[in-house]
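To keep things clear, I will list the structure first and then write my remarks on it.
The values are calculated or read from the model by the stated rules, or taken from the named source; none is laboratory data. Since the model is a prediction, treat every value here as computed from it, not as a measurement. The protein model used for the area step is the full one, side chains on, heavy atoms only, and it has no ligands, DNA or RNA in it. Shrake-Rupley method; radii C 1.70, N 1.55, O 1.52, S 1.80 Å.
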Amino acid sequence: MATTSTTGSTLLQPLSNAVQLPIDQVNFVVCQLFALLAAIWFRTYLRSSKTSSFIRHVVATLLGLYLALFCFGWYALHFLVQSGISYCIMIIIGVENMHKYCFVFALGYLTVCQITRVYIFDYGQYSADFSGPMMIITQKITSLAYEIHDGMFRKDEELTSSQRGLAVRRMPSLLEYLSYTCNFMGILAGPLCSYRDYITFIEGRAHRGAQPGASGKDGLPCERAEPSPNVAVIQKLLVCGLSLFFHLTISRTLPVEYNIDERFQATASWPTKVVYLYISLLAARPKYYFAWTLADAINNAAGFGFRGYDENGTARWDLISNLRIQQIEMSTSFKMFLDNWNIQTALWLKRVCYERASLSPTIQTFILSAIWHGVYPGYYLTFLTGVVMTLAARAMRSNFRHYFIEPPQLKLLYDVVTWVMTQIAISYTVVPFVLLSVKPSFMFYSSWYYCLHVAGILVLLFLPVKKTQRGKTTHENVQLSRSKKCDERENSLGQNSFSTTNNVCNQNQEIASRHSSLKQ
């Protein structure tokens, strides 16, 4: 079972056989654990107060390339080719137009690699293949290209507050660029971070500067010593352990494919179908929780991810976190789910597409997200369904939520009902994303008589929606403002989910301003 081929090292084949997991997955997990140990060593012996930025860049880059070579063999050359050509484009084309050329090349190169992997090598196989890291590198290349364009070509008054905070004012050296795109902390599983945040970390300025206030203005200079990430890392590793346990036990006994089993469809009652749909998709999430939380822990262990102190003086290590599990599982609206899932990818989509699109930004962002995720037809079915579900949920919320705010008992009832509806709608939407192919996806939707598609379309046809900027409803803007006061972490907007796009489409300037303050 575990003796599958791999493009990377076969050194761990005996371990792969012992745990009955594919060798590429074993290589990935072991390399991430090695990266965790390397991160601890990096922070202990190469801390910025003792080591030059040059050495830190070199070590981070070489370790990253070694891990890529171990996991993917000569396919890791794609990382250097994509990054190297993109850097040449930045230098040759110039700051006025290089963001466009970098965007087209990086995304096009990624798409070609995805097409060859899917339709030539292993269609339908979930594997730790080289296109996964390339998705993160593509995000970094395009983000940096836009940030350089904003910082070196556009005038400050033309930029949003978010763009001003992220703008890069000088061209990175080749070493800085490779360190950013290929460092060992994020080369295998990310998450995406801004170039300015990464350079601030390498140069050791993350904990020295002024602490951003709620208004986005700098406070007094901070004289605290460098904070320790140990508690945050331990907490995240515990989450990783639980997620891995659930994935290896419960997830395997509740396959999503059983939703389209002919006998199950013929004999199961509707309540049984609904419950199994929810439980099977719930069981599919721990593998993402494991990969993203471990990646976050690795960065924190190296000292990266510090985002200042809260009102109690406790260090926050969520600058590049990619998800909030509790909020995901307790979501009472589509927006709440999307705001807490694959966070950094949503930020990328917002920065490079949604904020800059002059025509139909929502549709353009969905298209970009679909292309970036890959070429399986199931992805596109999920994104198309996601458009309908998102707009319908937005319309429902804007028309009805304000009737259920008071009294508390009514609000509780509303929260319970919307939690059930949200979880079912999310599960219904992402089934094709898991099934991948057209035929099984349509088998599932036809077995449900396309009921949520029909319901969503009817909602959009018959419920009035007051349009404001970017097609948002007036009431939703009020609710969004309230919700953001309860959730300070703007940097909580990512791989493998349609929700990243939708999350982007619900961001506003309040978030952008707060994000800018974090980058000063």
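Computed values, structure above
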item	result
Paired Rg and Dmax values of the range 237-385, which use every Cα atom, in angstrom	18.4, 58
ARG154, ARG117, ranked by accessible area, largest first (probe 1.4 Å)	ARG154, ARG117
Between the range 422-457 and the range 373-395, the alpha-carbon center distance in angstrom	10 Å
Coordinate range along principal axes, alpha carbons of the range 102-195, Å, largest first	48, 25, 22
C-alpha center-to-center spacing [the range 143-161, the range 273-330] in angstrom	30 Å
Principal axis dimensions, largest first and in whole angstrom, of the range 23-203 by Cα	52, 45, 26
Accessible area of the range 231-308 belonging to carbon and sulfur atoms, whole % at 1.4 Å probe	71 percent
Accessible solvent surface per residue of the range 87-198, calculated while the other protein chains remain in place, 1.4 angstrom probe, Å²	36 Å²
Share of carbon and sulfur in the accessible heavy-atom surface of the range 23-203 [1.4 Å probe, %]	68 percent
Accessible-area ranking of HIS453, HIS247, HIS57, HIS402, largest first, probe 1.4 Å	HIS402, HIS247, HIS453, HIS57
At 0.890 mPa s and 25 °C, Stokes D of the range 324-467 from Kirkwood alpha-carbon radius, µm² per second	150 µm²/s
Over the range 313-386, relative contact order from alpha-carbon pairs under 8 Å, at least 6 apart, %	19 percent
The range 324-467, accessible area per residue, ligands and nucleic acids excluded (1.4 Å, Å²)	43 Å²
Kirkwood Rh and Cα Rg combined as Rg over Rh, evaluated for the range 231-308	1.20
Out-of-range pairs (alpha-carbon distance over 29 Å; input LYS140/LYS273; LYS50/LYS100; LYS155/LYS350; LYS350/LYS439; LYS273/LYS439; LYS50/LYS155)	LYS140/LYS273; LYS50/LYS100; LYS350/LYS439; LYS50/LYS155
Of all accessible heavy-atom area on the range 324-467, the percent that carbon and sulfur account for (1.4 Å)	75 percent
Accessible area in the full protein assembly, largest first, 1.4 Å probe, for LYS50, LYS140, LYS155	LYS50, LYS155, LYS140
Whole-number accessible area per residue in Å² for the range 231-308, which is evaluated in the context of all protein chains at 1.4 Å	45 Å²
